[in-house]
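Worksheet for the structure shown next.
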Amino acid sequence: MVRCFLVLEDGTVLEGVSFGHEGAVLGEMVFTTSMSGYQESMTDPAYKGQILVSAFPMIGCYGVNERYEMSSAVHVAGVVVREYNAEPSDMYGGKTLDKYLKEYNVPGITGIDTRDVVARIRDNGVMNAAIVHSEKDIADVKKRLKEHTSVNLVRSVSTKEIKKIGSGKKVTIGLIDCGADRGLTEDLAAVYDVVMFPYDTGSKEIMSSKVKGLVISNGPGDPGHPDIANTLVKTIKELSPSMPMAGIGFGAQAIAIAFGCRTVKMRFGHHGPSQPVRQGDRTHITYQNHLYTVDAGSADGSGIIIDQTNVNDGTAEGFSHKSLPIFGIQYYPMSPKYDVDPFFYNKLEIIMGARK
């Protein structure tokens, strides 16, 4: 057993036991309320650069398996749990979480009172944190946490080249990859031929590809970052008058910014399942992972109409444009394979002309 330490931006130092990679890491600390699906969360590109705290007390009860990955890599910076189970059930096969994290050089820490950590985040908001393995490093890392600033995380998870997926479908759409997960790509490719673009692709190149419309994917970080404003948001502005668009999470926020709305950083965001979203007289139960949201008050006069809200805190969860075939949602769209009424995909087919 190797001692290690969780160092918080507010100066708190918590001692635990190491699993996974034995190395130091800094990141923004958030918590998830999921009871399971830890492999899906760790491989979700939208968690890039974040230290993930599990609110559920025991993690590692089942082995990790490549068929549950949302991407081809682990994107979290680190993992914090109350109790790590080193002997998982063999029901699903796979390897231990410890071995899995070592393969991707991601440190974990167990033996932490995660109830206390989650309460701190809920009371004080998201904060930076670090996992270190030597007491000698604590003083230095405390200084670095206060200096830790936002970077363009989308650059590190977006595709670096244009990719074409599928052929022979009735409609071809573009997917701007800000950190698209495997499920989204597969669900889109089941209905459309898909051209995947890097996040910073210019409007002329997208127009020349002859795609019918665009989906802007979910992704990590601040949608108001200057690099995003000068690339993705600029492209959306130039294409929105002539091209149908749909955004998910980060992508929805970028669309809203392009129309003049503001985004704000939430106190602790929404990370995990069972988030209730009100749409008219219906409530959808959704899975979410976002730390920023559209400021509903800033939508006045923008053409953006907020038509979905979170039942718990009233934040914006979805919008439509009053006159253009453009909409966005904050949550992950439910796959048509598992939902009898997949709102996102149904509406997407309508605006893309794949359904009359």
### Query
When mean projected area of the Cα convex hull in nm² is calculated directly from the model, which label among (i) 22.8; (ii) 17.8; (iii) 19.5 fits?
(ii)
## Note on the structure
Taking 4, 61, 261, 178 and counting other beta carbon atoms within 10 angstrom, the fewest-first order is 61, 261, 4, 178
### Phi to ³J(HN,Hα) by Karplus 6.51 cos²θ - 1.76 cosθ + 1.60 over the range 319-326, Hz, x for Gly, Pro
8, 9, 8, 5, 9, 9, x, 9
### Task
Work out the charge dipole of the range 3-147 with +1 on the Cβ of Lys and Arg and -1 on the Cβ of Asp and Glu about the Cα centre, then indicate which of 104, 21, 49 is farthest towards its positive end.
49
### Query
For 159, 32, what's the fewest-to-most ordering of other Cβ within 10 Å of each Cβ?
159, 32
### Summary
From fewest to most C-beta neighbours within 10 Å, the residues 67, 120 line up as 67, 120
### Task
Report the antiparallel proportion of the DSSP beta bridges in the range 3-147 as a percent, rounded to a multiple of 5.
60 percent
### Message
Quick check for me: using +1 on Lys/Arg Cβ and -1 on Asp/Glu Cβ, what's the dipole size of the chain about its Cα centre, in debye to the nearest 20?
### Response
1000 debye
### Message
Exceeding 31 Å between C-alpha atoms, which entries from my cross-link table qualify? They are 204/347; 212/265; 48/169; 48/146; 136/160.
### Response
212/265; 48/169; 136/160
### Task
Springs between alpha-carbon atoms under 10 Å, Gaussian network over the chain: tell me which of 198, 88, 107 tops the mean-square fluctuations.
88
### Query
Counting pairs of alpha carbon atoms under 8 Å apart in space and at least six apart in sequence, what relative contact order in percent does the chain give?
14 percent
### Task
Using a Förster distance of 45 angstrom, determine the FRET efficiency expected from the C-beta separation of residue 266 and residue 85, and round it to 0.05.
0.90
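Coordinate-derived values only; no laboratory data. As the structure is a computational prediction, the values presented were derived from the model and not from experiment. Because the Cβ atoms are built from the backbone with ideal geometry, glycine has one as well, and the counts that use them run over all protein chains shown.
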